[in-house]
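The values are calculated or read from the model by the stated rules, or taken from the named source; none is laboratory data. As the structure is a computational prediction, the values presented were derived from the model and not from experiment. Here the Cβ positions follow ideal geometry from the backbone for every residue, glycine too, while neighbour counts run over all protein chains shown.
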């Protein structure tokens, strides 16, 4: 004798799904949540420390002297938190691209959370593959910028 529902029975009868909190389902939404967290940290850092001093040094640059593709992101984020667009561009111009992506995704997530939009559709492999290439090219361009900025190229 088994306890519970039969193996072929649906988990919940049709139309009686339990209410659950909305959560990000797609990789872009999860990246946007991380971006919102980073923006909050930049604002908090700027408010508490005034942007002075060394906060998070780049591990690769600290160990080898070679900047990573993300070098300058903390500086750019804190500059954006104070409205210093020039400082953000000088530290890492790709921070503006990431900030724009985060803003757009935050609006989409809010629309999904209040029910204006449905859940995100799964991307087919034919659309995912080019997005990996775009991310790789952007990372390479960011690294080239950082290598030039720190005098390696």
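Quick look at the values:
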| read-out | value |
| --- | --- |
| Of all residues making up the range 95-117, the number that are in contact with a helix residue (DSSP H, G or I) (Cβ under 9 Å, 6 or more places away or on another chain) and over 30 Å from residue 72 (Cα atoms) | 3 |
| Check on residue 135, at negative phi, loosely packed, with under 12 Cβ neighbours inside 10 Å and within 15 Å of the chain's Cα centre (by Cα) | yes |
| Sole residue being out of contact with any helix residue (DSSP H, G or I) (no Cβ under 6 Å at 6 or more places or on another chain) and in contact (Cβ under 8 Å) with a residue 24 or more places away in the chain, chosen from 120, 57 | 120 |
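For every residue, the table says whether it meets (1) modelled with pLDDT under 65; (2) under 18 Å from the mean Cα position of the chain (by Cα); (3) surrounded by 10 or more Cβ atoms within 10 Å (Cβ to Cβ).
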| site | (1), (2), (3) |
| --- | --- |
| 13 | yes, no, no |
| 27 | no, yes, yes |
| 72 | no, yes, yes |
| 83 | no, no, no |
| 97 | no, yes, yes |
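A quick yes/no check of all residues on (1) exposed (fewer than 13 other Cβ atoms within 10 Å of the Cβ); (2) over 16 Å from residue 39 (Cα atoms); (3) modelled with pLDDT under 85; (4) out of contact with any strand residue (DSSP E or B) (no Cβ under 6 Å at 6 or more places or on another chain):
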residue: 77; (1), (2), (3), (4): no, no, yes, yes
residue: 111; (1), (2), (3), (4): yes, yes, no, yes
residue: 140; (1), (2), (3), (4): yes, yes, no, yes
residue: 153; (1), (2), (3), (4): yes, yes, yes, yes
